[in-house]
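Here is the structure we will look at.
The values are calculated or read from the model by the stated rules, or taken from the named source; none is laboratory data. Because the structure is predicted, anything quoted here is derived from the model rather than measured. Using ideal geometry, Cβ is built from the backbone for each residue, glycine included, and neighbour counts are taken over all protein chains shown. Keep in mind that these areas ignore ligands, DNA and RNA; they rest on the heavy atoms of the full protein, side chains included. Shrake-Rupley method; radii C 1.70, N 1.55, O 1.52, S 1.80 Å.
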Amino acid sequence: MEKKRIVSIVSLVVGLVVLAVGATFLVLKLTSKPPVADGEYLVAAGNWVLDSGGGCEMLIQSDGASDTECEGGSDVIWRFTEIGKGTLTTNNHLNDYDFAWALKDGRITIQTDWLYKLNNEYEYTLNQGEGALILLDGDTEYRFVAQTE
């Protein structure tokens, strides 16, 4: 009789532990923010400014919104206007150029309608927490920071 009682108590304890773990994961799943796809984040973030080495920092405003400020500024600004389309400037909006873009397998392709067509492809890393887009072209790295509006 004593063996049955020990098995019953152990089963009850194991069941309660499994129930608690399951409830914890359910609460975490229900309260977590849905992930934002990279393409959607690029569009939603606003302007992407080339970090020209002066350093950029993310500023948190009193209402909880964030903004990015770069020392020295940069004239290179990309704006992903919608999925697959965007504009860029290299002279602080004196001239704006259209580009088409696509993300696939950790790579971003940019087709720019410049004086002639340019086709560039980069490996990319997008850190949504820091608002940073890092492009790799061989040994060359370009770091863009989001400037939310």
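Miscellaneous remarks
- Count of residues meeting criterion [at pLDDT 90 or above and out of contact with any helix residue (DSSP H, G or I) (no Cβ under 7 Å at 6 or more places or on another chain)] in region 62-80: 3
- Condition check for residue 46: surrounded by 10 or more Cβ atoms within 10 Å (Cβ to Cβ), at pLDDT below 90, more than 26 Å from residue 103 (Cα to Cα) and not β-branched (Val, Ile, Thr): no
- Filter result for residue 109 (under 21 Å from the mean Cα position of the chain (by Cα), modelled with pLDDT of 95 or more and of a type in the set (Ser, Thr, Tyr)): yes
- For region 18-37, a residue qualifies if it is open to solvent by 80 Å² or more (accessible area, probe 1.4 Å), part of a helix (DSSP H, G or I) and of a type outside the set (S, T, N, Q), and the qualifying residues are 18, 19, 25, 26, 27, 28, 29, 30.
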